[in-house]
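K.L.:
Pasting a structure below so you can have a look.
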Amino acid sequence: MKFFIDTADLDEIREANDLGILDGVTTNPSLMAKVGIKGENAILEHYKAICDIVDGDVSAEVIATDYEGILKEGRELAALNENIVVKVPMIADGVKAIKTFSMEGIKTNCTLIFNAGQAIMAAKAGATYVSPFIGRIDDSSWDGIDLIDQLVTIFENYGYDTQILAASIRHTMHLVQCAEIGADVATCPLSVIKGLLKHPLTDIGLAKFLEDAKKTR
Ligand code: E4P
């Protein structure tokens, strides 16, 4: 399973990248606003800065919601770097634009996926990735992990090339369950990536080994 980091914070991206396990980055308008990016040029420059750090796909989301607008914005984003993936919302014009982008060889990530029907539509349009939001599904008293399971089955049934990118991951168990089920990618905050490193018995065991090592020096 590929690991993407879900942030627009350059320091966090560098920290995850330095671990040597990072395969890509996802952003969204809320994450861009969180780090204070404002203005069209600043947004484009920020995506370029992310691409300079990470050798992997970087999702950059369009703001337009009409077909022509999505195409214009998406083509501009895709021209920034070969690793840019145009993130398009799951709406009718978005699906149409994904189809056009796929014919043009532009990579896409269909975002805001909350059920299997939406994911099938995006896959049929030729999306590179679909992003089911598992944390937000959990928030609505449904099971986000069940959706990942369903999508793995459906995509295998028909040999879709579209990759399942589990998004809105809130904790390490989400990530482990995605790996168990066979999601292609998990995108998560730095805290979740770092959380995977932790176990109290590791800390206790290491402290004991270091203490005993003193006896051998
Ligand atoms: C990433 O592609 C999504 O935009 C993101 O994971 C959403 O996460 P959230 O539900 O924590 O905002």
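K.L.:
Going residue by residue through the range 98-105, is there one that turns out to be touching a Leu at 6+ places or on another chain (Cβ under 9 Å), more than 15 Å from the ligand (Cβ to nearest atom), open to solvent by less than 20 Å² (accessible area, probe 1.4 Å) and not polar (S, T, N, Q)?
P.N.:
Yes, that holds for at least one residue.
K.L.:
Would you confirm, using the coordinates I've provided, whether Val192 is within 16 Å of the ligand (Cβ to nearest atom), assigned to a strand (DSSP E or B) and either on the phi < 0 side of the Ramachandran plot or open to solvent by 40 Å² or more (accessible area, probe 1.4 Å) (or both)?
P.N.:
For Val192, the condition - within 16 Å of the ligand (Cβ to nearest atom), assigned to a strand (DSSP E or B) and either on the phi < 0 side of the Ramachandran plot or open to solvent by 40 Å² or more (accessible area, probe 1.4 Å) (or both) - is not met.
K.L.:
Which residues, counting only those in the range 164-173, are more than 9 Å from the ligand (Cβ to nearest atom) and within 17 Å of Tyr129 (Cβ to Cβ)?
P.N.:
Going through the range 164-173, the residues more than 9 Å from the ligand (Cβ to nearest atom) turn out to be 164, 171-173.
Answer for the range 164-173, where residues must be more than 9 Å from the ligand (Cβ to nearest atom) and within 17 Å of Tyr129 (Cβ to Cβ): just Ile164.
K.L.:
Given the condition closer than 20 Å to Thr27 by Cα, open to solvent by 70 Å² or more (accessible area, probe 1.4 Å) and away from the ligand (no atom under 14 Å from the Cβ), answer yes or no: does some residue in the range 133-141 qualify?
P.N.:
No; the residues of the range 133-141 include none that is closer than 20 Å to Thr27 by Cα, open to solvent by 70 Å² or more (accessible area, probe 1.4 Å) and away from the ligand (no atom under 14 Å from the Cβ).
A quick yes/no check of all residues on (1) touching a Pro at 6+ places or on another chain (Cβ under 9 Å); (2) assigned to a helix (DSSP H, G or I):
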{"site": "Gly135", "(1), (2)": "no, yes"}
{"site": "Ser141", "(1), (2)": "no, no"}
{"site": "Ile148", "(1), (2)": "yes, yes"}
{"site": "Leu151", "(1), (2)": "yes, yes"}
{"site": "Asp161", "(1), (2)": "no, no"}
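Residues are listed down the side, and each one gets a yes or a no for (1) closer than 22 Å to Ser59 by Cα; (2) touching a helix residue (DSSP H, G or I) at 6+ places or on another chain (Cβ under 9 Å):
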position	(1), (2)
Ser140	no, no
Gly144	yes, yes
Gln150	no, yes
Tyr160	yes, yes
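K.L.:
Mind counting the residues in the range 195-207 that are open to solvent by 100 Å² or more (accessible area, probe 1.4 Å) and either within 15 Å of the ligand (Cβ to nearest atom) or in a helix (DSSP H, G or I) (or both)? Before the answer, list the steps.
P.N.:
Restricting attention to the range 195-207, the residues satisfying the condition of being open to solvent by 100 Å² or more (accessible area, probe 1.4 Å) are 197-198, 201, 203-204.
Subsequent filtering for residues that are either within 15 Å of the ligand (Cβ to nearest atom) or in a helix (DSSP H, G or I) (or both) retains 201, 203-204.
Total meeting the criteria: 3.
K.L.:
To continue, here is another question. On the basis of being in contact (Cβ under 8 Å) with a residue 12 or more places away in the chain and closer than 21 Å to Gly56 by Cβ, does Val95 make the cut?
P.N.:
no
The values are calculated or read from the model by the stated rules, or taken from the named source; none is laboratory data. Fair warning: this is a prediction, and the values are worked out from it, not measured in the lab. With ideal geometry, Cβ positions are generated from the backbone for all residues, glycine too; neighbour counts draw on all protein chains shown. To get the accessible areas, we keep the full protein, side chains included, count just its heavy atoms, and leave off ligands, DNA and RNA. Shrake-Rupley method; radii C 1.70, N 1.55, O 1.52, S 1.80 Å.
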